[in-house]
Amino acid sequence: MDQQLELLLEIQDLRMQRRELTDGSTDLEAEVFDVKIEDAIRLLDEKVEELAERLARGIRDRYRRIADKAPRVVAPVINGICYGCFVAVSTARASEADRNLRVESCEYCGCFLYHVG
Ligand SMILES: [Zn+2]
């Protein structure tokens with residue numbers, strides 16, 4: 001898999017974890033374990049930023065544009081459908097062999113594409 005795409009997936013994963021921390025559903029557990037949510041969020045933000053710095057410039061710029069607007073930056077593509085916007089993406093660009101070997105983005109919603117099936 002393309003290294004940049006791996007980074008993007010890692011970033012997305014951390015952003016999702018951060019979101020779970022801020023949506024309130026983890027309050028109870030956090031109290032039990034005496035975890036400081038703000039500290040965790042700050043650490044996640046730092047890690048996301050650190051990873052984003054490792055993205056190639058063009059990809060980082062695109063990432064920032066998407067990240068500002070939506071929680072999701074990478075969308076899975078399953079059977080030729082982008083699950084960020086549920087529109088069929090042109091699969092001609094992604095033959096079986098070179099899927100996920102380079103960074104692509106959806107021409108409709110702008111998400112980076114991760115081919116799953
Ligand atoms: Zn899309």
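Below is a table of values for the structure above.
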read-out: Residue among K47, K69, K36 that alone is exposed (fewer than 13 other Cβ atoms within 10 Å of the Cβ) and either more than 21 Å from F112 (Cβ to Cβ) or modelled with pLDDT of 95 or more (or both); value: K36
read-out: Odd one out for N79 among (1) at positive phi; (2) within 13 Å of the ligand (Cβ to nearest atom); value: (2)
read-out: So Y63, is it more than 14 Å from the ligand (Cβ to nearest atom) and within 14 Å of the chain's Cα centre (by Cα); value: yes
read-out: Matching residues, region 82-115, being at pLDDT below 90, within 14 Å of the ligand (Cβ to nearest atom) and either part of a helix (DSSP H, G or I) or surrounded by fewer than 18 Cβ atoms within 10 Å (Cβ to Cβ) (or both); value: S90, T91, R93
read-out: Residues of region 45-66 satisfying the condition of being part of a helix (DSSP H, G or I), in contact (Cβ under 8 Å) with a residue 24 or more places away in the chain and either out of contact with any helix residue (DSSP H, G or I) (no Cβ under 9 Å at 6 or more places or on another chain) or under 17 Å from E104 (Cβ atoms) (or both); value: I59, R62, Y63, R65, I66
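The values are calculated or read from the model by the stated rules, or taken from the named source; none is laboratory data. Every value quoted in this text rests on a predicted model; they were computed, and no experiment measured them. Note that each Cβ is placed from the backbone with ideal geometry, even for glycine, and that neighbours are counted across all protein chains shown.
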